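*Asks:* A single structure is presented below for examination.
FYI, it's all coordinate maths here, none of it is from the lab. Just so it is clear, the structure is predicted and the values come from calculations on it, not from any experiment. Cβ placement follows ideal geometry from the backbone for every residue including glycine, while neighbour counts extend to all protein chains displayed.
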Amino acid sequence: MTDANRIRKIAIVGGGTAGWSAACLLGRIFARDDTEIQLIESSDIPTVGVGEATIPPIFEFLQLLEIDPVDFVRETQATFKLAIEFRDWLKVGHSYWHPFGNFGVTIDRRPFHHYWWKNEAQGHDDKVADFCPSIALAEQDKFLFPPADGQFPGGALSYALHFDAGLVAAYLRRISEQLGIIRLDRKVERATLDDRGHIDQLHCDDGSSVSADLYIDCSGFRGLLIEQGLDAGYEDWTNWLPCDRAVAVQSEAVGPRTPYTISTAREAGWQWRIPLQNRVGNGYVYSSAFISDSEAQARLVGSLDGKPLADPRVIGFTAGHRKKFWDGNCVAIGLSAGFLEPLESTSIHLIVTGLNRLLDYFPDRNFDPALQAAYNRETLTEYEHIRDFLMLHYYPNQRIGEPFWDHVREAPLPDSLAQKMELFGNSGRIISRRRELFHDLSWFFVARGMGLKPKSYDPLADIPDFHDVRDVMGQVSGAVGQLARAAPTHDQFLEALITP
Ligand code: FAD
């Protein structure tokens, strides 16, 4: 590569979580370089204004951005998240946990969850919470950081954050501007293309134009560059994931701040409850084929445990993704790239993996099509994996006679999911490639929570003297119980952390 081919100018369109995450990361990468980065956002076009629950890799991203996590928690009204509690998904009155972190300990090099099935088959009715520190703490509204030496009873504790998305964007903007990112407040009206079919210029409502070598489309659902400019096309997954709307409202905080998200199944979808330090975020994600906006709104407001702080807002979306996430000299990051409902809080994570992947395949001005192809292939695999995992939350439901739930139970599964579930159903095994976001344990917890049970278990866990396994189980449950009893409440932990 000659120096003349290097990317010298990057334009990011959009100043939501995606735009400012991109600006901050690229700002760090090019901090000692003369590459110019501009972010164009219109203060007349609001951000989506939701997106408040995350998954544990958020901390790796903060580290990459050189952000102190404690400062971040203080500045974004954040709380800690150990798990999601799924209520009423299998049937009304039933609930289960999808925790972060480990479950039990490895015994004879095999993961604990394989022994779990044998233990059940032997008639023991232990509770998963006794072997999983995240659930044990969550059940008691408690929280603590794992010890620095990494030693922790019952396997590793892992956690994520709930935060105020508006404050996060403002926080990232502050850092980005310190790193020299130039913010232009104007509306982009259209993009014109050059004779290669790449974006040549952005034309703005004030008559100005912006040109760059590389464009990052963070303009939200509209996909201003990737779709309106480049016509990348959209793969609609509504047949797999029929929810197409959400109504969202913030409410006053009541009771302790739970160190977990609550996801409650409703007649045409599900409702989230995300506690922040100062308020609670709520939303009802639903399929408009099964409930009207006004009914969904009434249902949401009627079920809040605190007073609403504003009028509810309805947000429409289509599950799926752009046919090309990267097209020519434009890469779509965030909602402009695609959307999968926030059941497992994966969208912000997809922003981060999209940005990391862009760094892995960073182009020069030749824009080698092989880089684009690799990026698009990997991103699609990631979307498909998450789609399959989300569908696992729906299809085994036993909410018989409720039209939405009958519909999701009876819909055919994608081959990738059908194969996975056949393997699980026969022997409790899950194909989990290393790079997949949700590992065996996540599939175990959700499949088990949704009432699925394998016909047999891993023969390697079928050791003749099960007393040894029972002994280990006794030690783990004793240690987990002791840890949970000694831990402070999540509220106490937060107060101590955020008080200067
Ligand atoms: P947006 O926030 O929509 O920002 C778009 C930006 O583009 C704005 O700054 C706007 O001004 C700018 N813009 C648009 N058009 C123009 C133009 N013509 N000229 C100039 N600027 C323009 N994710 C999670 O990880 N966890 C969650 O719990 C979660 N919950 C969600 C719940 C719902 C109902 C929805 C819809 C999404 C949720 N998400 C969640 C996703 C998350 O909100 C988004 O991934 C995240 O906010 C990123 O959005 P964005 O920056 O891509 O788009």
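*Asks:* What are the aspartates and glutamates whose alpha-carbon lies under 18 Å from the alpha-carbon of Lys187, with same-chain residues fewer than 8 places away excluded?
*Replies:* Of all the aspartates and glutamates, those that pass the test against Lys187 - Cα under 18 Å, at least 8 places apart if same chain - are Glu41, Asp44, Asp200, Asp205, Asp206, Asp217, Glu227.
*Asks:* Show me, bin by bin at 10 Å from 0, the whole-percent P(r) of the range 256-333 based on Cα pairs.
*Replies:* Pairs per bin, as whole percents: 15, 39, 25, 17, 4.
*Asks:* As a test, work out the antiparallel percent of DSSP beta bridges whose residues both lie in the chain, rounded to the nearest 5.
*Replies:* 70 percent
*Asks:* Could you tell me what fraction of 2.2 N^0.38 Å the Cα radius of gyration of the range 373-420 comes to, as a two-decimal ratio?
*Replies:* Ratio of Rg to 2.2 N^0.38 Å for the range 373-420: 1.40.
*Asks:* From the residues Phe325, Val168, Leu413, which one has its Cα farthest along the dipole of the chain in the positive direction, the dipole being from +1 and -1 charges on Cβ of Lys/Arg and Asp/Glu about the Cα centre?
*Replies:* Leu413
*Asks:* Express the Stokes-Einstein translational diffusion coefficient of the range 190-239 in µm² s⁻¹, to the nearest whole number, given a Kirkwood radius over alpha-carbon pairs, 4 °C and a viscosity of 1.567 mPa s.
*Replies:* The calculation lands on 108 µm²/s.
*Asks:* Follow-up. Over the range 216-263, what per residue volume does the convex hull of the Cα atoms give, in whole Å³?
*Replies:* Measuring per residue, one finds 158 Å³ for the Cα hull of the range 216-263.
*Asks:* Are any of the pairs Lys91/Lys420; Lys118/Lys455; Lys142/Lys453; Lys420/Lys453 more than 21 Å apart by Cα-Cα distance, and if so, which?
*Replies:* Result: Lys91/Lys420; Lys142/Lys453 exceed 21 Å.
*Asks:* Quick check: the distance between the Cα centres of the range 423-500 and the range 76-97, to the nearest angstrom?
*Replies:* 16 Å
*Asks:* So, R0 is 56 Å and r is the distance between the beta-carbons of Arg222 and Thr106; what FRET efficiency does that work out to, to 0.05?
*Replies:* About 0.75, to the nearest 0.05.
*Asks:* On to the next question. Just want the answer: with Cβ charges of +1 for Lys and Arg and -1 for Asp and Glu, which residue in Leu380, Val469, Gln398 is farthest toward the dipole's positive end in the chain?
*Replies:* Val469
*Asks:* Taking Cα atoms of the range 265-309, Rg/Rh with Kirkwood Rh, to two decimals?
*Replies:* Result for the range 265-309 is an Rg/Rh of 0.99.
*Asks:* For the range 132-281, report the translational diffusion coefficient in µm²/s to the nearest whole number, using Stokes-Einstein at 10 °C, 1.306 mPa s, and a Kirkwood Rh over Cα pairs.
*Replies:* The Stokes-Einstein estimate is 78 µm²/s.
*Asks:* Take the Cα radius of gyration of the range 1-105 and divide it by 2.2 N^0.38 Å, with N its residue count; two decimals is plenty.
*Replies:* Ratio of Rg to 2.2 N^0.38 Å for the range 1-105: 1.52.
*Asks:* May I pose another question? Ser288 to Glu384: extension gain in nm, 0.36 nm per residue of separation minus the Cα-Cα distance?
*Replies:* Residue separation times 0.36 nm, minus the Cα-Cα distance, leaves 32.2 nm.
*Asks:* Here's something else I'd like to know. Mind checking the full-extension length gain between Leu193 and Ser209? Use 0.36 nm per residue of separation minus the Cα-Cα distance, one decimal, nm.
*Replies:* 4.5 nm
*Asks:* Could you calculate, for the chain, the ratio of the Cα radius of gyration to the Kirkwood radius, expressed as Rg to Rh?
*Replies:* That ratio is 0.98, to two decimals.
*Asks:* So, one more: Cα convex hull of the range 407-478: mean projected area in nm², to one decimal?
*Replies:* Value for the range 407-478: 6.7 nm².
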